[in-house]
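J.: Provided herewith is a single structure, encoded as structure tokens, for subsequent inquiry.
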Amino acid sequence: MEKGVPVALRAEWQENSAKPCDTGTEINRMITEWPQFDWSNVDPIFPSKTGLYEFSKDGLTRRGIEARKWLKDRPEKVIAVVSHAGFLRVGVSYCQYDNADFRVFEFADGDEEDHVGGRLVEWKLTEERGGGLGKSLKGKYGWETQTFPEIDEGGNEVERVPKEEAENFS
């Protein structure tokens with residue numbers, strides 16, 4: 001920031017689930033703690049996990065599309081995104097990320113019909129190493145490790161009883 005590098009805060013890049021560890025802090029508090037940042041473009045519903053930010057396959061897909069569209073429309077040629085591994089994996093790049101690891105991508109040229117928001121192509125440099133630090137798993141990953149809440153017919157989340165507790169009731 002001191003050297004003129006723009007910083008853009010965006011709610012799209014938050015983590016997936018609605019658990020307390022994956023839910024952000026109220027904007028009013030963030031402004032107080034980090035006044036050097038411009039918080040005016042952060043969606044005012046942040047940190048609510050509703051709409052675009054809901055913890056569902058549909059919500060994460062829509063959010064990933066919006067995040068990629070926003071990136072693709074940026075005028076800068078080089079952009080560093082600071083986000084969370086779970087969201088990057090299922091919403092953006094379909095790659096695994098170890099803590100503090102990074103990957104380098106470009107948008108593919110051509111038809112985006114099957115890749116709404118733009119298709120990212122990873123540089124061989126980070127793809128072959130398993131991330132820039134070589135700490136992340138190689139390959140493409142998706143939804144298989146993601147567990148979404150069950151929703152009843154009325155659109156309400158169904159509370160799950162952990163397997164161990166359920167066995168105690170039988």
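The values are calculated or read from the model by the stated rules, or taken from the named source; none is laboratory data. Owing to the predicted nature of the structure, the values given are computational and were not obtained by experimental measurement. Cβ atoms come from the backbone with ideal geometry, glycine included; neighbour counts cover every protein chain shown. Accessible surface is based on the protein model in full, side chains and every heavy atom, while ligands, DNA and RNA are left aside. Shrake-Rupley method; radii C 1.70, N 1.55, O 1.52, S 1.80 Å.
J.: Looking at Val5 and the list (1) within 16 Å of the chain's Cα centre (by Cα); (2) loosely packed, with under 12 Cβ neighbours inside 10 Å, which single condition is not satisfied?
T.: In the conditions (1) within 16 Å of the chain's Cα centre (by Cα); (2) loosely packed, with under 12 Cβ neighbours inside 10 Å, Val5 misses (1) alone.
J.: Hey, any hits in segment 11-32 for a residue that's open to solvent by 60 Å² or more (accessible area, probe 1.4 Å), of a type in the set (Val, Ile, Thr) and outside any loop (DSSP other than H, G, I, E, B)?
T.: So far as segment 11-32 goes, yes, one or more of its residues are open to solvent by 60 Å² or more (accessible area, probe 1.4 Å), of a type in the set (Val, Ile, Thr) and outside any loop (DSSP other than H, G, I, E, B).
J.: Output the residues belonging to segment 64-91 that are in a helix (DSSP H, G or I) and either touching an Asp or Glu at 6+ places or on another chain (Cβ under 9 Å) or open to solvent by 70 Å² or more (accessible area, probe 1.4 Å) (or both).
T.: Gly64, Glu66, Ala67, Lys69, Trp70, Lys72, Ala85, Gly86, Phe87, Gly91
J.: Is there a residue being in contact with a strand residue (DSSP E or B) (Cβ under 8 Å, 6 or more places away or on another chain), modelled with pLDDT of 90 or more and not β-branched (Val, Ile, Thr) anywhere in segment 74-92?
T.: no
J.: Filter segment 33-60 for residues that are within 12 Å of Glu12 (Cβ to Cβ) and not aliphatic (A, V, I, L, M); which is surrounded by the most Cβ atoms within 10 Å (Cβ to Cβ)?
T.: Filtering first and then ranking leaves Tyr53.
J.: Here is a further query. Let me confirm something: among Phe37, Phe55, which residue is assigned to a loop (DSSP other than H, G, I, E, B), of a type outside the set (Val, Ile, Thr) and within 12 Å of the chain's Cα centre (by Cα)?
T.: It is Phe55.
J.: Does Thr61 satisfy being touching a helix residue (DSSP H, G or I) at 6+ places or on another chain (Cβ under 9 Å), of a type in the set (Ser, Thr, Tyr) and not in a loop (DSSP other than H, G, I, E, B)?
T.: So Thr61 fits the description; yes.
J.: Does segment 139-161 contain at least one residue that is hydroxyl-bearing (Ser, Thr, Tyr), at pLDDT 70 or above and in a loop (DSSP other than H, G, I, E, B)?
T.: yes
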